[in-house]
1. Can you sort 59, 84, 90 so the residue with the fewest Cβ neighbours within 10 Å comes first?
2. Report the far tail of the P(r) of the chain, meaning the percent of Cα-Cα pairs longer than 17 Å.
3. Please report 30, 105 as a ranked list, fewest other C-beta atoms within 10 angstrom at the top and most at the bottom.
4. Defining a contact as two alpha carbons under 8 Å apart and six or more residues distant in sequence, what relative contact order in percent does the chain show?
5. Give the angle, between 0 and 90 degrees and rounded to the nearest 10, that separates the Cα long axis of helix 72-95 from the longest principal axis of the Cα atoms of the chain.
6. Which angle from 0 to 90°, rounded to the nearest 10, does the C-alpha axis of helix 2-26 make with the longest principal axis of the chain?
7. Label points 7 Å out from Cα along the Cβ direction at residue 58 and residue 94: separation in nm?
8. Roughly what angle does helix 102-122 make with the longest principal axis of the chain, taking Cα atoms, 0 to 90 degrees, to the nearest 10?
Amino acid sequence: MLLTVLTAASYLISALLLYSGTVGVLWPLHTARTLFAVPNATPDTATFYPGLAGRNVTCGLAILTLLLQGQKQAAGVVVVCLLCNGASDCLVLVRREGGERLEVHVFNMFLVGAVGTGLVFLA
């Protein structure tokens, strides 16, 4: 039962990464201001966002591919690796004046870590 929940959560994480990555590439300024939580982002400062968005698409595709192949443990390893992405995102918010919702990013890191670790040890 728990493995089913963790697998479903991993599919959701993959979908969210693919969504945030796609909109980040298409509309970097809007995405930096809303999803990434830097409301005072300017067109100049938002130029970094497609790089973050591409990283999200890459991780989302990796997780989805591994899950579809039945490699849940490997998918869990990729999900755990997302903690590095979350930590770098938190650093951007801490260092960037006007960065908001740090607690949301930290909470997401906790969830991602729990889901990934669960898959690694239960799959």
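1. 84, 90, 59
2. 55 percent
3. Sorted ascending by nearby Cβ count, the order is 30, 105.
4. About 32 percent, as a whole number.
5. Value to nearest ten degrees: 20.
6. Helix 2-26 sits at roughly 30 degrees to that axis.
7. 2.3 nm
8. So the helix axis and the longest Cα principal axis differ by about 20 degrees.
Only the coordinates and a few stated rules stand behind these numbers; no lab work does. A quick note: this is a predicted structure, and the numbers were derived from the prediction, not measured. Cβ sites come from the backbone with ideal geometry, for glycine too, and all protein chains shown count toward neighbours.
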